[in-house]
Structures are given as C-alpha cells and as structure tokens.
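The values are calculated or read from the model by the stated rules, or taken from the named source; none is laboratory data. Keep in mind that this is a model prediction, so the values were computed, not measured. For neighbour counting, all protein chains shown are included, and Cβ atoms are generated from backbone atoms with ideal geometry for every residue, glycine included. Surface accessibility is based on the protein's heavy atoms, side chains included, excluding ligands, DNA and RNA. Shrake-Rupley method; radii C 1.70, N 1.55, O 1.52, S 1.80 Å.
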Amino acid sequence: MLILENVDAHYGKSHVLHGVSIEVRAGEVVGLLGRNGVGKTTTLKAIMGMARRTGGRITFEGRDLQGVPPHGLAGLGIAWVPEERRIFRLLTVLENLRTGLDRPGVTQARRDGLLEKVYAYFPILKERRNQAGGTLSGGEQQMLAIARAMVLEPKIILLDEPTEGLMPRMVAQIQEIVHALHRDGVAILLVEQNVPLTLDAAGRVYIMEKGAVQHHASAAELRADQRVIHDYLGV
Amino acid sequence: MAERWHDEAWAKDMWWSGKTTRRKFLALTSTAAGALGATMLVPAPWREVFGQAKPYKIGVLQPLSGTGAAGGKTALVGTQMAVDRINHGGGINGRPIELVVADYESKPDVGRRKAEKLVLEDKVDVAEGGYLSNVCLACMPVFEENKTVWMIGVCLDTTITTTKCSRYVFRPFDYAPAQAVGFSPYLVSKLGKKWHVAFLDYAWGQSTRDAYIEQIKKNGGDVVGTTGVPLGTADMAPFVSKISGSFDGLFGIFFGPNAVSFTSAIYDLGLTKKYKYAGDGAIAESTHLPALGQKIEGFVGINRYIPVMDPPLNTPYHKKFFDQAVVELKKIDPSGPLPDRYVQSNFEAMNFLKLGMQKSRFRGREDTNNLIEALEGMEVKESDDFPQGDKAIRKEDHQAFLREFIFTIQNNKHKLLETIGKEKTLVPPACKFA
Amino acid sequence: MDQILIQTLHGLVNGMVLAMVASGLTLIFGIMDIVNFAHGDLLMLGAFVGASIVGVTGNYWLALVVAALVIAILGALLQATTLRPLIGRDPLTTILATFGVSLVIQKYALWQWGPSVRQISEPVRGNFTLFHLQYPWYRIATAILAGLIIAGLWLFLKYGKYGIWIRATTQDRVMAQAMGIPVPLVYTAVFAIGSAMAAASGVLFGPFAGVTQTMGFDFTLRAFIVVVVGGMGNLGGSILASIFVSLLESYAAIVVSPAQAVIVSFVVLVLTMLFRPTGLFVPTPK
C-alpha cells in the first residue's frame, strides 16, 4: 500500500536519507527502529511531503505522492502523529478533533460516531473536551494526537515515537491502542525506540542506521535472535 | 518559427511559469506606478508648428501621491491649462513650453531631491508649482543656490515671502497676513468680537493663526483660545470637544481633507449651532462641498478665488477660464467639481512667468537676473491671463497683492458677500534678500 | 468631569472602529506572518465603493455589505496573485509587495474618483445633548455596529468550521495541512475576511470625516501600533489595545495639546516593545 523506493532526502544542504526503501501493506503494523538521528522521523516527514525529497519514489496505493499537496494526504488516508504531538494548543480538545472531523463529505451521524469511538478509546478526552489542548498532560496530549489522527479514518497512521517520555501506565495504554487499531485494519508505520513494544506490536521491522535501512526482518525472527538488535541499537 | 506564438520560448517564460509571471506583473505594476509618479515629460503635439524653435523647459513640483495628492492633481490642471493656452497662442518669444512634472510624494526630503533633479539633471529654465508649505520651504534653498526662478503656485506659509524670502522665489497670489488684514474688520464688525481659532498644526496653520490673532485684536476683537490639530488626524472629534466657553465665533484654518474632517467634527458635535463658523476659504473649496453637504451651510470665509459669476467676477475673462477649467477638471474627477483657487493661482503663476520671460527676452537660465528684474514690481490687469483680477508683485518681498472675496455657503454653493480691494489687503514688507 | 465623560465616549467610539481595522490586520498577520501595508488602502477603497453605492442607491446598509464583499473579492485576488507566490520568501519581499499594492491602490483611487472628497451620509440621524455638546447618535451606532461585527467575527472563529480551520492554521500550519485543512485556501479566505473588515470599517467611518484617498494612512499607522501593543496576531489583544490606546489618546487630549496627545500611542508602543515585547495583554514568556 505504502511503498518507499530508494528515497533520498535533504535538510537544507545535509543529506539525511540515503536510498530508503520501505513497504507497508494494508492493515499491517510495521516497526521502524534505530538510534536517535538516523533518519526515522525524516522518513515519515518525507512521506508527509515535509522533508525535501531529492530522489526515489513514494507511492500510496499505486499513486505517486510527488504531485499531492501536503493537505491532500489526509484525504488519501494517510494520518500523521508527530513526535512532538503538535497539539493545537489554544484549541480545545474537541476543536482539535474537529480539525479532522470537519472535512467535506462527513455526515453529522458519522461525525458523532467517530467522536464516540475515540471517546470510548480515550475517556479522559471526553472529560476534558472543553479544555485547551495546551493544558493537557503529556500522556493526554499523546492520546489526543492519536485520536485526532483516528477521526480522519485513515488507512495508515504514521506513528512517531508515541511512548517517548511517558509513564509506564501510559505506555501500556498506547500499546493497547496500537493493537486495537491493528484489529480495526488500520496499517501503522511505527517509529520507536522502545524495542519490546515494537516487537510486540509490529509484524515486520526495519532497522535504520545513518539514513539508510540496514536490516529488515519479521518481528518473530528478531524476538528469537536479539543479536541484531544489540548490534544496531546497542541495547 | 514556431507555429503558435505561445510555443515560443519567450511566451513560455511569460505564461507557463505562473509564479514568475505574477511576480513580474507586480514588479511591472509598481515600476509603472513609480515612473508615472516620478517624471513625465509632456510631449508637445504642437512641435511642428514651432519648427526648430527650442522649447523652454519648465519644471513643475507637485505632490501627485501621498497626503497632498488630491490637491496637487487639481493644481496641475491650472498649470497645464495655462501652458496649453500659451503653446496654442504661439508660445513665449516664439518658443513652446515643455513641462517637466516632478511628483514630490508630499514629503519635504523628496521635494528637495526632486527640485535638485529638475535644476541639475533636467536643466529646467524656470520652475513653477509647489503645494504643501513645508515642501516649498524645503525646496527654496535649491532654487536659490542654483539661481533659478521659482514661481510658486499654491504654498501659503507666510515666511516664504517674509523671514525666509528668496530673491529667486515669487508668490503671485495672496498670503495669510493680507487675508487677515482684509477679513478681520468684517469678522469683528459683522460676526462677533470674541473668537476661538482652530488651526492645522504645521507651518501654514501656525503662521496664519498668528496673522489672524494680530488683526482681530487690532480691529477691536479678541481671540480667547486656540486649538491646534495635527496634520492627518482622521477623527478630530476628541480634539474639538474641548472647545467650549463663551465666545462668538469659531475661526478655522484648515485645507484639503483636514478641512472636511474638522467641519464634520464641529458640526456633528453641535458647535456650529452654538458658534458662528468662519475661516480660511480653503475650508470650503469646491472639491469639499459635496462631501460636507449641510454641514458647511452658513460658513463665512475669505478667498482669492471663488467659482461664481456674480459681479465683479462676471467678466468674459473669468467666464472663459471658468468654462475651460470645468471641462479640464471633469477629466480628472468624474464628479465634475468647479474650479478652485489652486487651479486659478497655478494658471496665473504660469502667465506671470510668460509675461516676465517676454519682457526680459529670456533665453535661458543665464538670463535669470533679467527675469527677476522684469517680474519685480510687475503690475497686471484683469484679463484672459489673469481672470481673478488686477494684481501686482511687490519688489521688496516678491509677494503679490490682489483682491479678496468674502463669501458664505448657501445651498451648498459659494455666495459672494463682499469684495475687498487689493489696496485694503496691504501688509508692510518684512523681507531681506540674501 | 464633563470632559472625562465626553472623552470616554470618543475613546470608545474610535476604539471600536480602530479595533475593526486592527482585527483584520492582526488576523492576516497571525496566520500568514504578512505585514499588510495596504490594509488602510483597502479601507479607503471600501469607503469609496461604499460612497459610490450610497450615491447611486441611497442605501447605506446595502453599501456596507456590498463594499465589504467587493473588497473581500479584491483581497482574495490580491492574495492569490501577488502574495501567494511570495510565501516562504524573505518577509521583506512581502512587505515591499504590500507597500507596492498600497501605492497602486492610492493612485487608482485618485485616477478613478478624482480629488473631490466623497460623502457617505449617516444612516442614523439625530443627536442628544451631552454637556456643552450635541452628540450624534450615529457615532454611538457606529461603535455598537463595530462591536457587533467584531463579535460576529469572533463567533465565527470560535465556533464556525472554517473558524476552527483558521485558528488551527494560525497555530501550526504544518499540522493543519497534515489534518487535511487546505491551508492555501485558508490563507486566501483570511485575506478576504481581513479586507472585508477593512472595507466595512471604511464605510462605517466614512460619515465621520468624508472619504478621501488618504484616509487609510492614519488608520494603517494606528492599527499597526495597536496590533503590536496587543501582541502580533492576537485578536483579543488587538481589540483591547485599540480601545486602550484610543481612550488614552482621548484622555490625553484633555490635558495636553492635540499634537502631544497623538504621541501618546507612540509612547505606549515604545514602552510595550521595551517591557512586554509579546504584547500588553499577553504574559511575556520566561
């Protein structure tokens, strides 16, 4: 469904991605592991059209994303949960969700259904729906970021380090959500530093180093043989 | 050769790279606007008539953009009417006039620069124009340094022909002290003894205020208060609300859009019902009357020119000027205003230059001294050249004296109340040429 | 005492009109980081369009609506043709572009309507006695109307679907795009709304002092001051600052000469820049 072929990307003059090739099939959870600064986030940004792509091809359901404007990706079914969460801080929780709900062609009934669904996943958001996004705790903001992506009814979610800096209780909750999304048939490209979580949630895993994919294996293989993980991630 | 024009490389450049085109468009638009504002050489369609005769180059300074743009544009109509008439009538000394118009953007520093450009680069023979007093004062030294005659068309600041006077600068129309001398007896005897003076707080407004305070007192009246309003204040209501107390009349010294602002504010706040409203004629120029409507009814002012055909202005000279000015003004203003003093004084300023250049057999800037001598003390009669009436340029300060009209506004029209002969406006000279 | 009441009224009336002008300006700045030097000229153009419509139909309210619509369309075209291509470039280029647009509009107005001052007659006649003055009801009506229009804008931004889009884009344009909000369209729409606000202010202010080519200048300057004082891009701050600065100027007119009173707003500007650079009504981040 989502295919990156030999993608090169630049930040200003520095060459960040060197021929990255990744594939995510429909309904599949794919992990992307690697140390800090190896280009995982940039890979996601390249998909979102936010990093300057200088080579290669990115296609989604066979469609080249080159000509799609940044605001057109949500409509194709690609949602992004950025590492910094990027909650609209002055908008309330409900308004944050409305940025995704108020798109053309969504009936009132479907909106209510979607809202109910995310509130069921994250009851705390319902409780805080009239509170400004900026006043939420880190964990709550992460939930809101995921919920905001969910209301777009995406085919794939690009999930960037969702557990970073969260308390263990929250991490477990995020893990549950990932499973739930998977059950719903949403594909996920999960960028993480948390190895156990990734190996638990993902079917396949790509390991990146220095802006390139160095290793690719199924999660089961990696679980069985953790040496590779040690080699690349030093854990 | 490509089959279709837009297959050409240049066409692709223009049409298919959308962004560049728009940027180019913007750049072109602003350049064009700038060029129009800077200098326009008025081509002489009558060139052929004059054969090989070299045209006189006359520089004209006017504000064609910025705060003074509206007035500058009106003033330019007068200049151009005079030049067209002169060129159609065989020019000056057999030579046509070519105008070099410089827009000083209503700013003194730009004015100085444009004046220098006219004198040094365009090498004009003489200059005319000027509208905002602060710009006139900034430009005068340029003409003095470069020994070029400047016939001012509008600037009214008193000091132009008193403390800051220049041998190279002439003012062929009235100034505030003369108007104050002519108007104050009427103000005190017919309208009231006690006055409050409200004025535009810059060079012209201040010098005019001083002239009226002096003359009102001299005639047995009194000025009990003054209010200065800064140039360009959109809503003057907060500033005029302070005007209160017991006095008979409110005397206003404003011009242009500020005059409309001021009049609206005092009318809206009921001050014109409580006090008589009089002031400089610039408040009630014909370009303001439609906007002011009933707010200006009953205003009494003094002006060197009002667009009426009542005696003594019912002359064939004035009718000719008036009719043509109406036609020319309609071209720049679809609402078709009647001529005002800015059209009149620029028209006559150009005619003074013509007479001076004829009398001195002026060839070029080398004859500037002769031209000055010809203009000094020049007396002219009411005629096609001078439809406003007789006038004389005084030798001592290059200030002209002319008749003045006291008028009121009735049914949104000027109505002549009294004509003040030029001998009743005399003010002693107060100028020492360097 | 009389003077204080009178000047309070003047300050509120002028403050509301200024708030309308400034709200358009701050909206545009907040979302696009564009300092729109042509804002006052759009106000002037709106006033001329309004004056023309009042002249033909005699209907003030129609003029108010049509002028706002016409200038909104013009603003949208202006944004799409001259400013959109400059997005992401040096802010100086947009400043120069809007400055150029301002000159073009002024020249156009002079060419189209000529030097005569135009009139918009007030839709509300009559006045009431206020100490030594007669106070026109129209000024009161203007303040109320301006307040209603600002409240309308605020409600739209607060609850409207597109209002939420606008606020989201203002806060994080990249994330807004990722959420599928058509940001380029939002930019154009905001420029149109800002232009309409300017035009409506022009028609509202028209009866105060006539319509001239230069009427926008004073507003651009004062609106810039209050936008900075209120915190760049902060709508509520700009509105409060408009009223605050106008009141201050009005009160100053009681004790000092008008020429000194208008300096008050500059003093407030300088003090704000020095001590609260993010705006008078926004806490300075530590």
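Observations on the structure shown:
- Look at (1) farther than 26 Å from A:His182 by Cβ; (2) of a type in the set (Phe, Trp, Tyr); (3) more than 10 Å from every other protein chain (Cβ to nearest Cβ) and you find that A:Phe88 fails only one, number (3).
- Condition check for C:Val203: modelled with pLDDT of 95 or more and open to solvent by less than 10 Å² (accessible area, probe 1.4 Å): yes
- B:Phe401 being more than 14 Å from chain C (Cβ to nearest Cβ), assigned to a strand (DSSP E or B) and under 17 Å from the mean Cα position of the chain (by Cα): yes
- Restricting the range C:76-113 to residues that are more than 10 Å from chain B (Cβ to nearest Cβ), modelled with pLDDT under 90 and part of a helix (DSSP H, G or I) leaves a set whose member that is least open to solvent (accessible area, probe 1.4 Å) is C:Thr94.
- Any chance B:Gln399 is within 24 Å of B:Phe321 (Cβ to Cβ), open to solvent by 40 Å² or more (accessible area, probe 1.4 Å) and not hydroxyl-bearing (Ser, Thr, Tyr): no
- Meets criteria (small (Gly, Ala, Ser), open to solvent by 30 Å² or more (accessible area, probe 1.4 Å), under 28 Å from C:Leu145 (Cβ atoms) and facing chain B (nearest Cβ under 9 Å)) for C:Ser116: no
- Remark: pairs (first residue in the range C:240-252, within 13 Å of another protein chain (Cβ to nearest Cβ) and free of Cβ contacts under 8 Å to residues at least 60 places away in the same chain; second residue open to solvent by less than 40 Å² (accessible area, probe 1.4 Å) and in a helix (DSSP H, G or I); Cβ separation under 6 Å; 6+ apart in sequence or on different chains) = C:Ala252/C:Ala261; C:Ala252/C:Val264.
- Number of positions in the range A:74-83 that are surrounded by 18 or more Cβ atoms within 10 Å (Cβ to Cβ), over 9 Å from the mean Cα position of the chain (by Cα) and within 7 Å of another protein chain (Cβ to nearest Cβ): 1
- Residue match in the range B:320-329 (condition: open to solvent by 30 Å² or more (accessible area, probe 1.4 Å), among the basic types (Lys, Arg), more than 8 Å from every other protein chain (Cβ to nearest Cβ) and more than 21 Å from the chain's Cα centre (by Cα)): no
- Scanning the range C:1-60 for residues that are charged (D, E, K, R) and open to solvent by less than 20 Å² (accessible area, probe 1.4 Å) yields a count of 1.
- Among residues of the range A:91-118, those that are of a type in the set (A, V, I, L, M, F, W, C), over 20 Å from A:Thr135 (Cβ atoms) and within 11 Å of chain C (Cβ to nearest Cβ), counted: 2
- Residues located in the range A:88-105, provided they are of a type in the set (D, E, K, R) and either part of a loop (DSSP other than H, G, I, E, B) or surrounded by fewer than 17 Cβ atoms within 10 Å (Cβ to Cβ) (or both): A:Arg89, A:Asp102, A:Arg103
- Test: residue in the range A:55-63 that is out of contact with any Lys or Arg (no Cβ under 9 Å at 6 or more places or on another chain) and buried (at least 18 other Cβ atoms within 10 Å of the Cβ): yes
- Residues (open to solvent by 70 Å² or more (accessible area, probe 1.4 Å) and either among the hydrophobic types (A, V, I, L, M, F, W, C) or more than 22 Å from A:Gln173 (Cβ to Cβ) (or both)) located in the range A:106-130: A:Thr107, A:Gln108, A:Ala109, A:Arg110, A:Asp112, A:Ala120, A:Asn130
- Annotation: B:Arg304 fulfils all but one of (1) out of contact with any strand residue (DSSP E or B) (no Cβ under 9 Å at 6 or more places or on another chain); (2) away from chain C (no Cβ under 13 Å); (3) crowded, with 22+ Cβ neighbours inside 10 Å; the unmet one is (1).
- Residues of the range A:153-164 include none that is under 13 Å from A:Thr92 (Cα atoms) and either open to solvent by less than 50 Å² (accessible area, probe 1.4 Å) or among the hydroxyl-bearing types (Ser, Thr, Tyr) (or both).
- Checking every residue in the range B:245-264 against the condition of being surrounded by fewer than 21 Cβ atoms within 10 Å (Cβ to Cβ) and either at positive phi or not assigned by TED's automatic domain parsing to the domain that holds B:Arg209 (or both) gives at least one match.
- Restricting A:Phe122, A:Phe60 to those that are within 20 Å of the chain's Cα centre (by Cα) and farther than 30 Å from A:Ile207 by Cα reduces the list to A:Phe122.
- Residue within the range B:232-240 that is open to solvent by 10 Å² or more (accessible area, probe 1.4 Å) and at pLDDT 95 or above present: no
- Scoring A:Val171 on the criteria (1) open to solvent by less than 60 Å² (accessible area, probe 1.4 Å); (2) more than 23 Å from A:Leu91 (Cα to Cα); (3) at pLDDT 95 or above leaves a single failure, condition (3).
- Subset of the range A:7-54 [in a strand (DSSP E or B), among the β-branched types (Val, Ile, Thr) and open to solvent by less than 10 Å² (accessible area, probe 1.4 Å)]: A:Val7, A:Val20, A:Ile22, A:Val24, A:Val29, A:Val30
- Selected residue [under 23 Å from C:Tyr187 (Cβ atoms) and either in a helix (DSSP H, G or I) or modelled with pLDDT of 95 or more (or both)] from C:Gly11, C:Gly30: C:Gly30
- Some residue of the range C:120-134 being surrounded by 18 or more Cβ atoms within 10 Å (Cβ to Cβ), under 21 Å from C:Leu5 (Cβ atoms), within 9 Å of chain B (Cβ to nearest Cβ) and in contact (Cβ under 8 Å) with a residue 24 or more places away in the chain: yes
- For the range B:360-376, the count of residues that are at pLDDT 95 or above and within 21 Å of the chain's Cα centre (by Cα) is at least one.
- Test: residue in the range C:52-61 that is under 26 Å from B:Leu338 (Cβ atoms) and in a loop (DSSP other than H, G, I, E, B): yes
- Members of the range B:265-283 found to be surrounded by 24 or more Cβ atoms within 10 Å (Cβ to Cβ) and away from chain C (no Cβ under 12 Å), listed by number: B:Tyr277, B:Ala278, B:Gly279, B:Asp280, B:Gly281, B:Ala282
- Taking the range B:87-135 as the range and being touching a residue at least 12 places away in the same chain (Cβ under 8 Å), in a helix (DSSP H, G or I) and open to solvent by 10 Å² or more (accessible area, probe 1.4 Å) as the test, the residues that pass are B:His88, B:Pro108, B:Asp109, B:Arg112, B:Lys114, B:Glu116, B:Lys117, B:Leu120, B:Asn134.
- Residue count for the range C:1-21, restricted to those that are closer than 26 Å to C:Leu62 by Cβ and among the hydrophobic types (A, V, I, L, M, F, W, C): 7
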